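See below for the structure under consideration.
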Amino acid sequence: TGPLRAPANLRVTSRFDYQQDICKDYKETGFCGFGDNCIYLHDRGNYKTGWELEREWEERQRERAAALGKGEKREAASDGADPQDQSESNNTCPICKLPFTAPVVKTLCDHRFCQRCAFAHHAKNRRCAVCGAQTRGVFNTVVK
């Protein structure tokens, strides 16, 4: 007899449930027939998935790279200014929070410290005190 033709008046739809713990009725309509006895979470919020978060992060990185490529000054972030910028503006060591004492040393990541503070911090932790980058024990004397 051969294959059967599908009815023209029926449409098949598929719905993929990526959040099994959310009440679908409540999410779509704002009402759930089970009320307080529903075993699922009543939440109507929209959350971004991993690929959406990654796409936004990559867009921000491209914008920053373009701004740096044009030579624009970095805009102040919402979480505060860069600690290095603060220490350069008022000439204080980010470790001891006091004015720099000679000699002043600089790390590979261009952060400046009092030599005494830098060596004491390096004895405990081999990373930069400001950004956490590896110092590899390199502290160059800053010539003013």
(message) Students sometimes get this wrong: rank Tyr40, Tyr47 by accessible area, probe 1.4 Å, all chains present, largest first.
(response) Tyr47, Tyr40
(message) Give me the one-decimal nm value for the distance between modelled label points at Thr141 and Cys38, 7 Å along each residue's Cα-to-Cβ direction.
(response) 7.2
(request) Kindly write out, for the range 125-131 in residue order, the coupling ³J(HN,Hα) from the Karplus curve 6.51 cos²θ - 1.76 cosθ + 1.60 (θ = phi - 60°), rounded to whole Hz, with x marking Gly and Pro. (result) 9, 7, 10, 4, 6, 8, 10
(request) Sticking with the crude label model, points 7 Å out along Cα→Cβ, report the distance from Asp21 to Asn9 in nm, one decimal please. (result) 4.4
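The values are calculated or read from the model by the stated rules, or taken from the named source; none is laboratory data. Model, not experiment: these values are computed from the prediction. Glycine gets a Cβ as well: all are built from the backbone with ideal geometry, and neighbour counts include every protein chain shown. Side chains are part of the model used for accessible areas, which takes the heavy atoms of the whole protein and leaves out ligands, DNA and RNA. Shrake-Rupley method; radii C 1.70, N 1.55, O 1.52, S 1.80 Å.
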